[in-house]
Each structure stands twice: as structure tokens, then as C-alpha cells.
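Input: a single structure, listed below in C-alpha cells.
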Amino acid sequence: MSLDIDKILEELEEDNKEIQKNINTLSSLREKQVEAVENLLKEYDQIMLWYVNNQISFTHPRLKGRGFMNTGGPIVGYDEQEERLFIYNYHLKRFETVNIRKRSDAKTKNMRILIDQGYFEDIVAGIKHTLVHQKEVLTAQYKMIDTLEAQLNNC
């Protein structure tokens, strides 16, 4: 059995053109994600400032139950293997990665790298969570109030 080298080379060339086209498409989409996050940060600027000024902790909807909180800006992701929390430092206007065991170990993290690593949805969710976080706190407080009142009524 002999190979049809010309046909194989032609297919390889076609596949390579498609691969290059996809690389360009992926790069363009990642750039749009960067722009979307930049726009979101501008849009939510006053909301984040309110949280920071009132020293209210930011949380992340996908990290509930883990006790992760940050007062300096939204939590925008978590790397479980490295045990590093990703935050947006509001005052410094930059993304950072923070060691959860040693909070003083904070390093700047390029937003594009976070997006390239697949954290776009986490970034968006962390920023947008500022709209509902206070309502969640109120709901938990009302539930606790109801529980405590029920306990007192059973005495």
C-alpha cells in the first residue's frame, strides 16, 4: 500500500489554513472578552467604591461556603491547585493573585492571562455579584432571626 503524498500534503495544507484561521478567531474573541471586562469595571466602578468605602467584604457566587472574602475589591476566581484567590484590587486598579494561607503574598496578575486561562466567566460573576451580595446577607440574617425567634418560642 502506497501513500498518496500529494493528497496528504494538500489536506495538511488545508488543515493548517483552518488552524491558523481558528487561532485568529480565538485571539479576537479573547480580545473581546478583555474589552468586556474593562467595560464592566468602568460600569461597576461606583458600586465597587461603595463596597470599599463601607468596608463590606466582596464574595464570589461560585465560592460560597469556602469563607473567601476580600474588602479591597471583587473576588474574580480561585486556583484550587495553587490555593490562590484572584481578586480585583480596586484601589490599585489591577488584578492580583493572593495566597489564601498568607494574604500578604499578593502578586499582580495580568487580566489577559486570567482570561486566557479560562477565568472570564468567574471574573464577570465576581464583579456582577456586587449587585446581589447585600440581598443575600439580608436573606441569611432574616433566616437566622426566624430561627432564633422560633427557638425562644419553644422555651
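General observations
- Considering residues of the range 1-45 that are of a type outside the set (D, E, K, R) and closer than 17 Å to residue 125 by Cα only, the residue surrounded by the fewest Cβ atoms within 10 Å (Cβ to Cβ): 39
- Scan the range 120-155 for residues that are polar (S, T, N, Q), without any contact (Cβ under 8 Å) to a residue 24 or more places away in the chain and assigned to a helix (DSSP H, G or I) and the total you get is 5.
- Figure legend. Inter-residue proximity from the range 60-74: first residues in contact (Cβ under 8 Å) with a residue 60 or more places away in the chain and at positive phi, second residues surrounded by 19 or more Cβ atoms within 10 Å (Cβ to Cβ) and outside any loop (DSSP other than H, G, I, E, B), beta-carbon distance below 6 Å, spacing 6+ or different chains. No pairs are indicated.
- Selection of the range 16-69 for residues being among the polar types (S, T, N, Q), part of a loop (DSSP other than H, G, I, E, B) and under 22 Å from residue 118 (Cα atoms) yields only 59.
- Identity of the residue in the range 1-36, β-branched (Val, Ile, Thr) and either touching a strand residue (DSSP E or B) at 6+ places or on another chain (Cβ under 9 Å) or free of Cβ contacts under 8 Å to residues at least 40 places away in the same chain (or both), that ends up farthest from residue 93 (Cα to Cα): 5
- Any chance residue 11 is farther than 30 Å from residue 73 by Cα and in a helix (DSSP H, G or I): yes
- Elements of the type strands (runs of 3 or more DSSP E) sitting completely within the range 75-118 and holding at least 1 residues that are free of Cβ contacts under 8 Å to residues at least 12 places away in the same chain, in contact with a helix residue (DSSP H, G or I) (Cβ under 9 Å, 6 or more places away or on another chain) and among the β-branched types (Val, Ile, Thr): there are none.
Every number here is computed from the coordinates shown, using simple stated rules; none is lab data. Quick caveat: nothing in here was measured; it's all calculated off a predicted structure. Reconstructed Cβ throughout: ideal geometry from the backbone, glycine too, with neighbour counts over all protein chains shown.
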